[in-house]
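Every number here is computed from the coordinates shown, using simple stated rules; none is lab data. Quick caveat, the model's predicted, so the values are computed rather than measured. When we count neighbours, we look across all protein chains shown, and the Cβ atoms used for this are built from the backbone with ideal geometry, even at glycine.
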Amino acid sequence: MVTKEVVLENLRLVLDPELHINVVDLGLVYNVRVDKGDVFILMTLTFPGCPLGSIIHKEVKEKIGEIKEVGSVDLKITFDPPWDLSKISPEAKLELGIMH
């Protein structure tokens, strides 16, 4: 059965190509909803016009599509609210050297 938790697990396999930290811990994923096997994801990028956005978009769709029983994957990118460092998990902040 497809659940939000399973979707988030798979999203943790998608790394930001520059920072090498997963999109969930970076705080790029704003919302995940599962409805009868269809997955809806609302996320952002570190900044508008991010040249690696298409790579991240493709990887998200691939990783979620690998989950058994997933129907469609509806991925929306938003910049409202804009991403900032406060959205990063404490673990990722340690990894990036932002927090000691």
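A compact table of results
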| read-out | value |
| --- | --- |
| Ranking of Asp25, Asp16, Asp74, Asp84 by count of other Cβ atoms within 10 Å, fewest first | Asp84, Asp74, Asp16, Asp25 |
| Electrostatic dipole magnitude of the chain [Cβ: Lys, Arg +1; Asp, Glu -1; Cα centre; debye, to 20] | 160 debye |
| Cut-off under 5 Å, modelled amide H: who pairs with Gly27 long-range | Ser89 |
| Furthest towards positive pole of dipole, Gly53, Leu11, Gly37, structure part the chain, Cβ charges | Gly37 |
| Value at 222 nm in deg cm²/dmol, rounded to 500, when DSSP H runs of n ≥ 4 in the chain each add -39,500 (n - 2.57) | -8000 deg cm²/dmol |
| 5 angstrom amide H check on Asp38, placed H, neighbours 5+ away | Gly71, Ser72 |
| Pairwise Cα inverse-distance average, inverted: Kirkwood Rh of region 4-82 (Å) | 12.5 Å |
| Footprinting exposure proxy for Thr78, Thr46 (fewest neighbouring C-beta atoms within 10 Å first) | Thr78, Thr46 |
| Rounded tilt (10° steps) of 53-65 against the dominant C-alpha axis of the chain | 40 degrees |
| Among Glu69, Glu59, Glu18: highest mean-square fluctuation, GNM of the chain, C-alpha pairs under 10 Å | Glu18 |
| Residue with peak Gaussian network fluctuation, the chain [Cα springs, cutoff 10 Å], from Lys68, Lys58, Lys76 | Lys68 |
| Exposure proxy order (Cβ contacts within 10 Å, fewest to most) of Val29, Val70, Val23 | Val70, Val29, Val23 |
| Pair Glu5, Glu62: separation of 7 Å Cα→Cβ label points (nm) | 2.8 nm |
| Phi-based couplings in Hz for region 41-46 (Karplus 6.51, -1.76, 1.60; Gly and Pro marked x) | 10, 10, 9, 10, 10, 5 |
| Rounded FRET efficiency, nearest 0.05, which uses the C-beta distance separating Met99 from Leu52 and R0 of 22 Å | 0.35 |
| 12 Å beta-carbon shell around Val70, net charge (K/R +1, D/E -1) | -2 |
